[in-house]
Amino acid sequence: MKPARVQDRFFFAVVPPVETAERIAAHARAMGLKRARVTADRLHMTLAITKDFDQGECPPAYVETLLRAGRRIAAAPFEMMLGKIVVGKESILAQPGKGHVGGKAVYDCIAQAMAGMRAPLHPKVRYSPHMTLSYDTALTSRGLRKLGFGWPVTEVLLIHSLVGLHRHEVLDRWPLVPPPVRQASFAF
């Protein structure tokens, strides 16, 4: 029996290539993560997240605002490298060892666009890039805490998470393109 969907959540994220996601998922299995492990097809690095909405309570105009914010992203592609495992209160996370600066540039574009449209991101969550590996914090292996999985980040996705159904729907994706360089003007 499937659990009831309880919330709608939206977030901007970067996603590793399939091969890299499969290697990360295999590493999580080797760490002894068995229950509530995130499958390879849903692994992502969250960059910016909205507040949660009860099922059916998210206004369609808000989703359109998120899509408009995504179209305003002007940030260069960057390298993401997972650096370490962190055990939190409710989940086990992989945090970047490299890629903070590039990810922060994307976050800043999104946050600025959302604020300009009077639709802020989650009020209690600031830039905190992470990849959730499991919602079970019981590790059977204390080893394997260092990571070395990386990938070139060339696009950002807006994902609708159907919380409770363990399903993600990609609403849109945008290529990372550096902002235009302003040319200095010279008076002759």
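The values are calculated or read from the model by the stated rules, or taken from the named source; none is laboratory data. Bear in mind the structure is a predicted one, so any value in this text is a computation, not a measurement. Backbone-built Cβ (ideal geometry, glycine too); neighbour counts: all protein chains shown. Areas reflect the complete protein model, heavy atoms only, side chains present, ligands, DNA and RNA absent. Shrake-Rupley method; radii C 1.70, N 1.55, O 1.52, S 1.80 Å.
What number of residues in region 57-75 are open to solvent by 40 Å² or more (accessible area, probe 1.4 Å) and more than 21 Å from Pro152 (Cα to Cα)?
Residues that pass the stated criteria total 6.
Do we have any residue at all in region 6-17 that's part of a helix (DSSP H, G or I) and either among the small types (Gly, Ala, Ser) or surrounded by 14 or more Cβ atoms within 10 Å (Cβ to Cβ) (or both)?
Within region 6-17 (the criterion being part of a helix (DSSP H, G or I) and either among the small types (Gly, Ala, Ser) or surrounded by 14 or more Cβ atoms within 10 Å (Cβ to Cβ) (or both)), the answer is no, since none of the residues qualifies.
For residues that are open to solvent by less than 50 Å² (accessible area, probe 1.4 Å) and at pLDDT 85 or above, scanning just region 108-121, find the one that is nearest to Val63 (Cα to Cα).
If we take residues in region 108-121 being open to solvent by less than 50 Å² (accessible area, probe 1.4 Å) and at pLDDT 85 or above, then Met114 is nearest to Val63 (Cα to Cα).
Go through region 161-178 residue by residue and tally those that are assigned to a strand (DSSP E or B), out of contact with any Asp or Glu (no Cβ under 9 Å at 6 or more places or on another chain) and more than 21 Å from Met80 (Cα to Cα).
Of the residues in that region, 3 qualify.
Take the residues in region 122-141 that are open to solvent by less than 60 Å² (accessible area, probe 1.4 Å) and over 13 Å from Thr46 (Cα atoms), then tell me which one is modelled with the highest pLDDT.
By that ranking, first place goes to Ser134.
May I ask you to verify whether Arg23 is in contact (Cβ under 8 Å) with a residue 60 or more places away in the chain, of a type in the set (D, E, K, R) and either outside any strand (DSSP E or B) or open to solvent by 50 Å² or more (accessible area, probe 1.4 Å) (or both)?
Here the answer is yes, as Arg23 does meet what is asked.
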